[in-house]
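Everything below concerns the one structure shown next.
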Amino acid sequence: MYFPHMIYGGDYNPDQWPEETWLEDARLMQEARVNLVSLGIFSWAKLEPRPGIFEFTWLDRLMDMLHAHGISVNLATPTAAPPAWMVRMHPEMLPVTADGVRLWHGSRRHYCPHNPDYHRYATRIAAQLAERYKDHPALVMWHVDNEYGCHVSECYCDISAASFREWLKKRYTTLEKLNFAWGTAFWGQVYGDWNEIKPPLRTPAHANPTQQLDWARFSSNSWLACFDEQKVILKRITPNLPVTTNFMGFYKGVDYFKFSPHEDVVSQDSYPDTYEPDWMVKAGMAYDLIRSVGVRHTWLLMEQATSQVNWRQRNVNKRPGVMRLGSLQAVARGADGIMFFQWRQSKAGAEKHHSGMLPHTGTDSRTWREIKALGNELPLLNSLLSSQVQAEVAILMDWENWWALELDSKPSNDLKLLPQIYSYYKILFERGITVDFAHPDTNLSCYKLVVAPTLYLVSDHSSENINRYVENGGTLLISFFSGIVDENEHIRLGGYPASFCEMLGLTVEEYTAYPKGLANTLRTTDGRTFTCSLWSDVICVHGCEALAVYESDYYAGLPAITRHKYGKGLGYYLGTELESAGLDWLLGLVCAEAGIMPVLPHLPAGVEALRRSKEGKSWLFLLNHTGSKVQIPIENAGRDLLTGEAVNNSISMETNSVVVLELDNKLTQKH
Ligand code: GLA
């Protein structure tokens, strides 16, 4: 445990303001019980105004002043915003798009992750900061760079091309192996010299898919390499300080399963559009992902908005109570701290219409009152620090599968991974069932149910792992277009899904994508009918039992949903995209059979329930998203940590309210 209390604070950009405001900032931070600020994330130009000339005295004064006010610092390496002088001296450090367009200075993240000059300057400023502040009592954590991969996830310049070739040489050792993996016998793409290989620049027709997949792997890895390079320096100088960088939830460009083991603390930025009716489901899904990639390390909500952002088409503010509700939702899902972008709302620059903890209006504002109130109640949850969220269900998530599935020239360009994952997650969320995300390579034996939506790319090791999980007694629900290709994106031959045919007791002989607007129906063995669309597998039964069959087309009467006993476990297969009522029916059946219980049964729809626990203690969070007052029958539920009141019979919850019950008795619920 790195922190003695729940973290509360935000990004602090004092370099946007005259020094006179700094003291007021510190005083108001104290008033709102801010205990951590992420400092200097974009301050490189102020810290190193000319090459090799460092200006730290302003930061010294700030660090001292923050410390004097009891505020700790998550000090940033400012490497996401290289200064103008550097760009002028080394214009080739600017990133290049797949069309060969160089992106210029004037916003941020304008650097190529492979440029040696950039690396030289970035490691120098990181080392300078670490040496200067290594013994400063305010410094408690390092925030490396900012949102790796954001805005520009890949650079296609010549320096990047050379790095790509080096990476490929390590991966394949010989051109023969690379030619095999990339399937270059197709369209005469064969390479006879390493120097012929380029990044997947814009091509006349479909580019080589394995080249694109390797490019995604390489680019993701390049951001990790940037992080590691700085982390080594920071750890050498300050070995005991945790190092983090901020993640962006389901962000496609960086494989967070690979990245997170390199961090001490996993951090997440979260900007749900609270105008969408299912914002809490989307936010919850991203929190569960971050908790899962962090393998239950401490995680922090590093950034969120107090109200509106500035980067959507229409930036709606958060209604009263919604900021608190969303913040405590993160805590319910395992966060040990709540932070915001940013402390003081900007006066100038591209983000001046983005909300802040201290808005333009000042302290006589709803936002400030809500920020102050949340800061003052968060310490009531200090006893929850490092407690964990346990899940009985895992959804499989693999960035490599995501990249491969969404390359072009597929049966349906409308088949995307996240909507598939989301359709399952949403139903489980609404059923009050807690979910982890698991990589298909990891030990799955702690889960009663594993759901694998469209696991198109699967390695031999993952196939084996999933089959063993079922054989040893697990329940798997896997959907169409899974187990189709190996890690080279080569088809696994002999009937789909070749990796799982034996376990599922079936073969998919062929599949068909549906044109937009076309649908089919399926009839379940218990007499229900549901609409299905997007896709249909034509399934040959080899021992499985049909739970539903198609009603029309040439495959009418053939199974669409199956179940098969394999070893001690069960493998369910869904060969189409089901309307949500159908998916709800299926998940209801599968969960009942796997013995999966919601966190709390008999909850009104729209009330979210989560449990955190540690050392034999547990806490129940109830979050009211219904938009109205609700009454929840519950007995012997202990004490609400936020109000201090004992709950004996039932709980009355106002709109957007949250209850955190410390469960000291056996919880019971009236039916
Ligand atoms: C990201 C960045 C911040 C800020 C916010 C605005 O999360 O990390 O610097 O730009 O977006 O929403």
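The values are calculated or read from the model by the stated rules, or taken from the named source; none is laboratory data. Just so it is clear, the structure is predicted and the values come from calculations on it, not from any experiment. Here the Cβ positions follow ideal geometry from the backbone for every residue, glycine too, while neighbour counts run over all protein chains shown. When the accessible area is computed, the model is the full protein with side chains, heavy atoms only, and any ligands, DNA or RNA have been set aside. Shrake-Rupley method; radii C 1.70, N 1.55, O 1.52, S 1.80 Å.
Tallying residues that are in contact with a Phe, Trp or Tyr (Cβ under 9 Å, 6 or more places away or on another chain) and closer than 26 Å to Y8 by Cβ within region 133-156 yields 10.
Being more than 16 Å from the ligand (Cβ to nearest atom), open to solvent by 10 Å² or more (accessible area, probe 1.4 Å) and outside any loop (DSSP other than H, G, I, E, B) is a property that holds for S292. In the set R27, R33, R61, only one residue is assigned by TED's automatic domain parsing to the domain that holds H136, away from the ligand (no atom under 16 Å from the Cβ), in contact with a strand residue (DSSP E or B) (Cβ under 9 Å, 6 or more places away or on another chain) and basic (K, R); that residue is R33. The set of residues in region 9-24 that are more than 14 Å from the ligand (Cβ to nearest atom) and either charged (D, E, K, R) or within 18 Å of R108 (Cβ to Cβ) (or both) comprises P14, E19, E20, E24.
Of the residues making up region 570-609, those that are touching a His at 6+ places or on another chain (Cβ under 7 Å) and in a loop (DSSP other than H, G, I, E, B) are H602, G606.
Table: residues versus (1) closer than 27 Å to R612 by Cβ; (2) in contact with a His (Cβ under 6 Å, 6 or more places away or on another chain); (3) within 13 Å of the ligand (Cβ to nearest atom).
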{"site": "V265", "(1), (2), (3)": "yes, no, no"}
{"site": "A286", "(1), (2), (3)": "yes, no, yes"}
{"site": "N317", "(1), (2), (3)": "no, no, no"}
{"site": "R324", "(1), (2), (3)": "yes, no, no"}
{"site": "L328", "(1), (2), (3)": "yes, no, no"}
{"site": "F341", "(1), (2), (3)": "yes, no, yes"}
{"site": "A348", "(1), (2), (3)": "no, no, no"}
{"site": "H353", "(1), (2), (3)": "no, no, yes"}
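Quick grid of which residues meet (1) closer than 24 Å to W142 by Cα; (2) buried (at least 24 other Cβ atoms within 10 Å of the Cβ):
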site	(1), (2)
N317	no, no
P320	no, no
A332	no, yes
D336	yes, yes
A373	no, no
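Scanning region 299-315 for residues that are within 11 Å of the ligand (Cβ to nearest atom) and open to solvent by 20 Å² or more (accessible area, probe 1.4 Å) yields Q308, N310, W311, R312, N315.
As a summary of the residue check, F42 satisfies the conditions (1) in a helix (DSSP H, G or I); (2) in contact with a Lys or Arg (Cβ under 7 Å, 6 or more places away or on another chain) except for the one numbered (1).
No other residue among G375, G362, G337 is part of a loop (DSSP other than H, G, I, E, B) and either more than 16 Å from the ligand (Cβ to nearest atom) or within 20 Å of E147 (Cα to Cα) (or both) apart from G362. Restricting attention to region 632-646, the residues being modelled with pLDDT of 95 or more and surrounded by fewer than 19 Cβ atoms within 10 Å (Cβ to Cβ) number 1.
The condition of being open to solvent by 70 Å² or more (accessible area, probe 1.4 Å), in contact (Cβ under 8 Å) with a residue 24 or more places away in the chain and either within 16 Å of the ligand (Cβ to nearest atom) or not hydrophobic (A, V, I, L, M, F, W, C) (or both) holds for P261.
If the condition is being of a type in the set (V, I, T) and either part of a loop (DSSP other than H, G, I, E, B) or under 26 Å from the mean Cα position of the chain (by Cα) (or both), then region 98-144 contributes V101, V140, V144.
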